[in-house]
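Taken together, the values in this text are just the output of simple stated rules run on the coordinates, not laboratory data. Everything numeric in this text was worked out from a predicted model, so none of it was measured. No Cβ is skipped: glycine too gets one built from the backbone with ideal geometry, and neighbour counts run over all protein chains shown.
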Amino acid sequence: MNTRPIAAAIAVVAAVAALSACSSSDDSTSGHEGHDMASMSTSAANASASDSAHNAADVMFAQMMLPHHEQALEMSDILLAKDGVPTDVRALATSIKQAQGPEITQLTSWLTAWGEPTTADMSGHTMDGMVSADDIAKLKDASGPDAAKLYLTQMIAHHEGAVSMAQSQVTGGKNADAVAMARSIVESQTAEITTMKAMLGTS
């Protein structure tokens, strides 16, 4: 019996099966890769949409809170450079710097991501609690305990302004992260106002 035709047929069948298996494996892998890439693209798009979702209230909050925070850091730096400042007031000023410095970075980052300027158009708007140039000069000229009392008095009004702006953001803002920061500002600075009034004996 001549087995050559049979052997040849078996070889052909085996080759076809092998090619089919490779093709199936490649298709399967290709499909998974395509699915994974699509999922990654969708996730990135969703994250981008979430980050960019904002309204005019979010922009105004960030633009106004930036210089407000920057002035708080300026006031704290002025105080911390002085001798004779009570330890508890010095610790408070340090804490304010540590809290508001990172928030300045975050506010700037949001405005950049939103394609908005970092400087606010103040037409028709007021920035509650900002300390005047004359008051900053008085703080610079004061020394020791007098500077500490002046700092506390000025910072109470400054914080009250920030709390007011943050409350407006909580009710009118759209961006979830910006609203969360506003809630944090309301909570932390309200607590600091209470602390500062107690330090002055006016609580």
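Given the structure, is M130 touching a residue at least 40 places away in the same chain (Cβ under 8 Å), surrounded by 15 or more Cβ atoms within 10 Å (Cβ to Cβ) and in a loop (DSSP other than H, G, I, E, B)? For M130, the condition - touching a residue at least 40 places away in the same chain (Cβ under 8 Å), surrounded by 15 or more Cβ atoms within 10 Å (Cβ to Cβ) and in a loop (DSSP other than H, G, I, E, B) - is met. Pairs linking a residue in region 63-81 that is at positive phi and surrounded by 15 or more Cβ atoms within 10 Å (Cβ to Cβ) to a residue that is of a type in the set (S, T, N, Q) and assigned to a helix (DSSP H, G or I), with Cβ atoms under 6 Å and 6 or more positions apart or on different chains, do not occur.
Table: residues versus (1) buried (at least 19 other Cβ atoms within 10 Å of the Cβ); (2) in contact (Cβ under 8 Å) with a residue 60 or more places away in the chain; (3) not hydroxyl-bearing (S, T, Y).
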site	(1), (2), (3)
T108	no, no, no
E116	no, no, yes
D135	no, no, yes
L139	yes, yes, yes
A147	yes, yes, yes
G201	no, no, yes
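Against the conditions (1) over 27 Å from the mean Cα position of the chain (by Cα); (2) on the phi > 0 side of the Ramachandran plot, A147 satisfies every one except (2).
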